[in-house]
Amino acid sequence: MTSGRRVLRVASGQGFWGDDLEAPVRQVEGGPIDYLMLDYLAEVTMSIMRKQQGRDPEAGYARDFVALMERIFPACVTKGIRVVTNAGGVNPRGCAQALIGAARRAGVAARVALVTGDDLMDRLDALLAAGHPLANMETGAGLETIRDRVRSANAYLGARPIVEALSHQPHVVVTGRASDAALTYAPMIHEFGWKWDDHDRISSGVVAGHINECGAQSTGGNSMPEWWTVPDLATVGFPIIEAEPSGEFVVTKHPGSGGRVDRRTVTEQLVYEIGDPKRYITPDAVADFTTIGLEEIGPDRVRVRGVKGTPPPDHLKVSVAYQNGWKAVGTLTYTWPDAAEKARAAARVLRERLDRLGLRFEAVRTELVGWDSTHGHLVGEPPADLPEVQLRVGVRSQDQAPVERFTREMVPLVLTGPPSATGYAGARARVQEIMAYWPALIPRDLVESALRVEVITA
């Protein structure tokens, strides 16, 4: 499709699951935008959603997204703003159906496009049997070594199914594990009619998506250079990409919103999580970040130009989460005088008790929150007049039983250990399942042949 637009505004409204709930509202109400991009997923998020779905088959997606859409649906429909999101998690169909209910409650007739096919859980055994080892990209080990402990497996989708979904003129596009940047550049491809072999323009879209994907991190949030000078973070403006058919774009935010857009804030986000800057690999192109040109063209306006790219890879990345043991963390607070010495003595007493019980752990970590929890031994010895510290002890094991017993051994230190423990910090330590990350590759045709796009109407 070629819309004839000279400028396309793609606004970021979420950088992760749990981000500022008011940000999407401010983006919709604060000024003109054409698309609202909402990114909810990280590597660990999929396993969390899968655990939720295990407890409730109707769960497995970002439910706060549905509540958000009920709130902004009328404005989005009235203003013609389309929403593109990966809030579907491991249950995009459930998310889409819940959105239809939200649209009806909001009194709007909505069309929701659903993209499925990234979830490989039901196909894992067949893929392994067919000779696709899904080997760990770091260790080379085949997935069969942990197959019985796998909890989620999702391929990173690119823009193609989103572009197809947008061709059905929906109000909302819901995906599972689409790559973060694709949520921004898919609308560009759709609106400007870019060809799939136009690697420079698509790579420029990739760069735009990378700037957009972490929300306010590119507009002064979590910013290191002179962070104290960033204005009004309480109402920080999230980024907006003003894209042009040529591939060039401007990074900005709504006038009057907090935060800042300048060469430094944009650069900080550009170098975030990129690996080799000459080869930023996505499902649709490999962008060369060393070709990026940045120019401040006005207050809170940075133009990006000159991006070059090369063809996409033959494989897609697969994010696998698997069960890798159990852990628990407990905390006690000790006060002056000799706060640090008391906490260290309590840790020694605890270790002796665990040893006498014959409990064995893969790891036991002890730290004093308020002194060495960030920099460890590099901070040296604590001062004698330290007013208070928290003793935090964490253990992990492949077996649940010793971890469970640990949670029962730390609490008694309040009365059976050194003095002035002011009580347990929060509830008793909780045993938690450890989810580990397994990155793998899969031939892209095995995923793309299974992709499906359908439209659900309220």
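The values are calculated or read from the model by the stated rules, or taken from the named source; none is laboratory data. The model shown is predicted, which means the values in this text are computed figures rather than measured ones. Virtual Cβ from ideal backbone geometry, glycine too; neighbours counted across all protein chains shown.
Below is a table of values for the structure above.
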{"read-out": "Any hit, the range 441-453, residues being among the aliphatic types (A, V, I, L, M), crowded, with 18+ Cβ neighbours inside 10 Å, farther than 30 Å from Glu164 by Cβ and modelled with pLDDT of 95 or more", "value": "no"}
{"read-out": "Yes/no for Asp39 being surrounded by fewer than 21 Cβ atoms within 10 Å (Cβ to Cβ) and not aromatic (Phe, Trp, Tyr)", "value": "no"}
{"read-out": "Residues being closer than 24 Å to Ile434 by Cβ and surrounded by fewer than 12 Cβ atoms within 10 Å (Cβ to Cβ) - total across the range 328-359", "value": "2"}
{"read-out": "Answer residue from the range 274-291, given it is in a loop (DSSP other than H, G, I, E, B) and not β-branched (Val, Ile, Thr) and is surrounded by the fewest Cβ atoms within 10 Å (Cβ to Cβ) among those", "value": "Gly275"}
{"read-out": "Some residue of the range 361-376 being in contact with a strand residue (DSSP E or B) (Cβ under 6 Å, 6 or more places away or on another chain), part of a strand (DSSP E or B), among the small types (Gly, Ala, Ser) and not assigned by TED's automatic domain parsing to the domain that holds Val395", "value": "no"}
{"read-out": "Odd one out for Phe73 among (1) assigned to a loop (DSSP other than H, G, I, E, B); (2) in contact (Cβ under 8 Å) with a residue 40 or more places away in the chain; (3) crowded, with 23+ Cβ neighbours inside 10 Å; (4) out of contact with any Asp or Glu (no Cβ under 7 Å at 6 or more places or on another chain)", "value": "(1)"}
{"read-out": "Of all residues in the range 55-70 being closer than 20 Å to Glu433 by Cβ and within 21 Å of the chain's Cα centre (by Cα), the one that is surrounded by the fewest Cβ atoms within 10 Å (Cβ to Cβ)", "value": "Ala59"}
{"read-out": "Residue in the range 264-273 that is without any contact (Cβ under 8 Å) to a residue 60 or more places away in the chain, out of contact with any His (no Cβ under 9 Å at 6 or more places or on another chain) and not in a helix (DSSP H, G or I) present", "value": "yes"}
{"read-out": "Strands (runs of 3 or more DSSP E) wholly inside the range 292-347 containing at least 3 residues that are closer than 30 Å to Ala135 by Cβ", "value": "315-335"}
{"read-out": "Selection from the range 126-178 of residues that are in the same structural domain as Asn91 (by TED's automatic domain parsing), part of a helix (DSSP H, G or I) and touching a Leu at 6+ places or on another chain (Cβ under 6 Å)", "value": "Pro161"}
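Residues checked against (1) of a type in the set (Asp, Glu); (2) farther than 21 Å from Ala103 by Cα; (3) in contact (Cβ under 8 Å) with a residue 24 or more places away in the chain:
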{"site": "Leu21", "(1), (2), (3)": "no, no, yes"}
{"site": "Glu29", "(1), (2), (3)": "yes, no, yes"}
{"site": "Val44", "(1), (2), (3)": "no, yes, yes"}
{"site": "Pro57", "(1), (2), (3)": "no, yes, no"}
{"site": "Val66", "(1), (2), (3)": "no, no, yes"}
{"site": "Ile81", "(1), (2), (3)": "no, no, yes"}
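A quick yes/no check of all residues on (1) closer than 18 Å to Tyr334 by Cα; (2) at pLDDT 90 or above; (3) in contact with a Lys or Arg (Cβ under 6 Å, 6 or more places away or on another chain):
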residue: Ala345; (1), (2), (3): yes, yes, no
residue: Leu368; (1), (2), (3): yes, yes, no
residue: Ser373; (1), (2), (3): yes, no, no
residue: Pro383; (1), (2), (3): yes, no, no
residue: Gln398; (1), (2), (3): no, yes, no
residue: Thr407; (1), (2), (3): no, yes, yes
